[in-house]
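The structure appears below as structure tokens.
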Amino acid sequence: MPNFEIHQVAFHFDQEKEKQKSMAGRLDLDGKPIKAMKICMIGAGGFIGSHLCEKLMAETDHEVVAVDVYNDKIRHLLEPPGQHPWSNRISFHRLNIKHDPRLEGLIKSSDLTINLAAICTPADYNTRPLDTIYSNFIDALPVVKYCSENQKRLIHFSTCEVYGKTIGSFLPKDHPLRQEPEFYVLNEDASPCIFGSIEKQRWSYACAKQLIERLIYAEGAENGLEFTIVRPFNWIGPRMDFIPGIDGPSEGVPRVLACFSNNLLRREPLKLVDGGQSQRTFVYIKDAIEAVLLMIDNPARANSHIFNVGNPNNEVTVRQLGEMMTEVYSKVSGEPALEVPTIDVSSKEFYGEGYDDSDKRIPDMTIINKQLGWNPKTSLWDLLESTLTYQHRTYAEAIKKSIAKPVATS
């Protein structure tokens, strides 16, 4: 197994420093004292949940009721029991929200519910479209229902994929309007949601996420549900996804950062789907968590809003991302890059039939900046250096052991 302790030690050191400066009396953006609240966090054991739990334990007085089927990524917050300054403020409840009657009680006893649970890996959209739709829509229905019926506030995590394709993608490639921001910058209140045809199962995720957004919005309009919807734009950092064959299935296909990290760790060429021409923006997980904490602590400013959370300054093509990751990993590992660092593969070969893609995803940051005063800080190079340093320290030895040939015995 990989050594997860490195990042945890850094957290324990940082949290003491943060605790001292933050507990003097936290104020919201309007200068009012922030009251401690009880937060039911569904999906607390995942990538985003683990970072948010750390933030809440280190810098706030909030209590977290952590709900998930796994707790590997937050185990350092839970164990040993009773030995941390925050031990009485976090509890773990191992349950699957699909069929567990305990869920309503946990939501009812909390002030705020944050729903992070989802199937959110592109490889699954094609191969597991039913699971994808059920996970992102059907399984989320009880959460919305319980929050609405019990008058509990909800922060629901959606996705930037709800925007689908840009208007500009339907223009000829050399058309000058493709360069105009209104044809590709994505605004929460104005941009249309444009998906591919039904046979393109890749859009099963985006459609399910959009429908649950519409349901939440309707609950707010008709029944007074207090809600905030978060649309993440490629949050990346330590503990994202998994490395196939190490802490995830060998045949699994994680998202692009973990895919490329896996290739780099194994000294394999990075696979660029359809040449890696799609354009994306990337934001550091620690910057993004700052935005979520602002939403938690400022309900008067966050309620009834949908927020893009991304970094438009960190825009690259997937090919450029691969090239940058190759350069950064060579620096942090001390290993030379491969002579042929990338290979092109078709989307059909990599994802199977039914794959489709969006051309660009650039977030408009006007609303979150106006309501919460949030702007991302970390450059793409810096966030990749931090993340790949963690990946190398955590996984390099485990990878070497997994690929080492057994010694023949005489």
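The values are calculated or read from the model by the stated rules, or taken from the named source; none is laboratory data. Note that this is a predicted model, so its numbers are computed, not measured. Here Cβ is always computed from backbone atoms with ideal geometry, including for glycine, and neighbour counts include all displayed protein chains. Areas reflect the complete protein model, heavy atoms only, side chains present, ligands, DNA and RNA absent. Shrake-Rupley method; radii C 1.70, N 1.55, O 1.52, S 1.80 Å.
General observations
- Subset tally (residues that are outside any helix (DSSP H, G or I), open to solvent by 10 Å² or more (accessible area, probe 1.4 Å) and either of a type in the set (Gly, Ala, Ser) or touching an Asp or Glu at 6+ places or on another chain (Cβ under 7 Å) (or both)) for the stretch 299-314: 3
- Residues in the stretch 333-349 that are surrounded by 13 or more Cβ atoms within 10 Å (Cβ to Cβ) and at pLDDT below 95: Glu335, Ala337, Leu338, Pro341, Thr342, Asp344, Val345, Ser347, Lys348.
- Within the stretch 73-153, helices (runs of 4 or more DSSP H) holding 2 or more residues that are more than 21 Å from the chain's Cα centre (by Cα) and hydrophobic (A, V, I, L, M, F, W, C): 102-108
- Sole residue being modelled with pLDDT under 95, touching an Asp or Glu at 6+ places or on another chain (Cβ under 9 Å) and crowded, with 22+ Cβ neighbours inside 10 Å, chosen from Thr121, Thr166: Thr166
- Odd one out for Met295 among (1) farther than 25 Å from Asp124 by Cβ; (2) open to solvent by 50 Å² or more (accessible area, probe 1.4 Å): (2)
- Total residues in the stretch 209-237, condition assigned to a loop (DSSP other than H, G, I, E, B) and small (Gly, Ala, Ser): 2
- Meets criteria (surrounded by 23 or more Cβ atoms within 10 Å (Cβ to Cβ) and either under 30 Å from Asp139 (Cβ atoms) or at pLDDT below 95 (or both)) for Ile6: no
- Checking each residue in the stretch 257-278 for being open to solvent by less than 10 Å² (accessible area, probe 1.4 Å) and of a type in the set (Ser, Thr, Tyr) picks out only Ser261.
- Residue match in the stretch 282-294 (condition: of a type in the set (A, V, I, L, M, F, W, C) and not in a helix (DSSP H, G or I)): yes
- Selection status of Ile133, in contact with a Cys (Cβ under 9 Å, 6 or more places away or on another chain) and more than 17 Å from Ile229 (Cα to Cα): yes
- Where a residue in the stretch 76-87 is under 18 Å from His51 (Cβ atoms) and its partner, wherever it lies, is part of a loop (DSSP other than H, G, I, E, B), with Cβ under 8 Å and at least six apart: His76/Phe4; Leu77/His84; Leu77/Trp86; Leu78/Asn71
- Evaluated against (1) open to solvent by less than 60 Å² (accessible area, probe 1.4 Å); (2) free of Cβ contacts under 8 Å to residues at least 24 places away in the same chain, Ser191 falls short on exactly one condition, (2).
- Filter pass, Gly352 being under 23 Å from the mean Cα position of the chain (by Cα), on the phi > 0 side of the Ramachandran plot and open to solvent by less than 70 Å² (accessible area, probe 1.4 Å): no
- Count - residues of the stretch 320-350 that are of a type outside the set (S, T, N, Q) and more than 24 Å from Tyr395 (Cβ to Cβ): 3
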